[in-house]
1. Viscosity 0.890 mPa s, temperature 25 °C: Stokes-Einstein D of region 208-330 from its Kirkwood Cα radius, in µm² per second?
2. Under the rule of -39500 (n - 2.57) per DSSP H run of 4 or more residues, summed and divided by the residues of the chain, what mean residue ellipticity at 222 nm is obtained, to the nearest 500 deg cm²/dmol?
3. At R0 = 56 Å, how high is the FRET efficiency between THR40 and MET312 if r is their beta carbon distance? Nearest 0.05 is fine.
4. When the Cα centres of region 196-266 and region 172-186 are compared, how far apart do they sit, in Å?
5. Find out how many positive minus negative residues lie around ILE45, taking Lys and Arg as positive, Asp and Glu as negative, among other residues whose Cβ is under 11 Å from that of ILE45.
6. Count neighbours as other Cβ atoms within 10 Å of each site's Cβ, and list the trypsin sites (Lys or Arg not before Pro) in region 231-296 that are DSSP loop with at most 16 such neighbours.
7. Pull up the DSSP beta bridges for the chain and report the antiparallel fraction as a percent, rounded to 5.
8. If you put +1 on each Lys and Arg Cβ and -1 on each Asp and Glu Cβ, how big is the dipole of the chain around its Cα centre, in Debye rounded to 20?
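Each reported figure results from applying straightforward, stated rules to the coordinates on display, with no laboratory input. Source: prediction; values computed, not measured. Cβ coordinates were reconstructed from backbone atoms using ideal geometry, including for glycine residues, and neighbour counts include every protein chain displayed.
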Amino acid sequence: MAASLRLLGAASGLRYWSRRLRPAAGSFAAVCSRSVASKTPVGFIGLGNMGNPMAKNLMKHGYPLIIYDVFPDACKEFQDAGEQVVSSPADVAEKADRIITMLPTSINAIEAYSGANGILKKVKKGSLLIDSSTIDPAVSKELAKEVEKMGAVFMDAPVSGGVGAARSGNLTFMVGGVEDEFAAAQELLGCMGSNVVYCGAVGTGQAAKICNNMLLAISMIGTAETMNLGIRLGLDPKLLAKILNMSSGRCWSSDTYNPVPGVMDGVPSANNYQGGFGTTLMAKDLGLAQDSATSTKSPILLGSLAHQIYRMMCAKGYSKKDFSSVFQFLREEETF
């Protein structure tokens, strides 16, 4: 089974492991006092840019955590706050019967669930396993089958909203799985998001996320091109953004996550494109969209072009920068 899942991951072109940026370590125990000490522990695997604040929000809502991350340093601040850190996903499954995974790629998810020290090695019957990674819908379906064989429940619940929404607890979760289990998943996901939407069977959450991120990539490129053109025509970028955001061109990329340095505070473009959602991950998600479009014979002309642009950015040194750095890329590419 593990071999077949690895083939699915490879078919999606997901051959790289994430090099995630880590938030600076610091004590946050003071803001994580538990209001309900009787709540049972929740396992959390994957403490990257998104997983870190998501786990913190579970703590703020009174859930003790059983923590694992492939990078031990990512666990330190949780350990300092009194959470239990273990040495493998299997150990998480041994100690918790509700587990959330937040991982970069299909291959990472396969390893966490089906690897030599994966969740399925020690998962307990009746456990609820929620994967909030953005991965191939086919991989989610295969994982769900293997989880079901062990007498447990698997749901895919990818997220939208970015690091800012993860920190504030305002993510949107797109959930796929058995509808009877949705309420149990919603109890946990509601601690981390303001919108928890049931999409249908396993894999439909991933389908919704892939479609959303394809549109996000296209709109970010469009916003970057528009802002660049306006600046070269002599418009002040803040003025242009203001006009766009009160006009029909308004979108999330222009009014909430503007890619031009100096236009907005608190976004990656104001911090040399550090943090946020990495270009590598956007390229990965667009690859998933491309695979899905091929398998369903769906034309995605702009989606395919966006995929190529983000792949080119990765090859030219932008892989670790936020995906909004497409503005900087366009400014620097004389061939454009």
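1. On the way: Rh = 14.6 Å.
This corresponds to a translational diffusion coefficient of 168 µm²/s.
2. Numbers: 14 runs with 151 residues, N = 336.
Estimated from H runs of four or more residues: -13500 deg cm²/dmol.
3. Values: r = 47 Å, r/R0 = 0.85.
Taking R0 as 56 Å, the efficiency between THR40 and MET312 is 0.75.
4. Value for the Cα centre distance between the two parts: 28 Å.
5. Values: positive: none; negative: ASP69, ASP91, GLU111, ASP131.
Taking every other residue near ILE45 into account, the sum is -4.
6. Working: sites: ARG232, LYS238, LYS242, ARG250, LYS284; in loops: ARG250.
Qualifying residues, ordered by number: ARG250.
7. On the way: 4 of 27 bridges.
Just about 15 percent of them are antiparallel.
8. Details: 32 positive and 29 negative charges, 53 e Å.
Dipole about the Cα centre, nearest 20: 260 debye.
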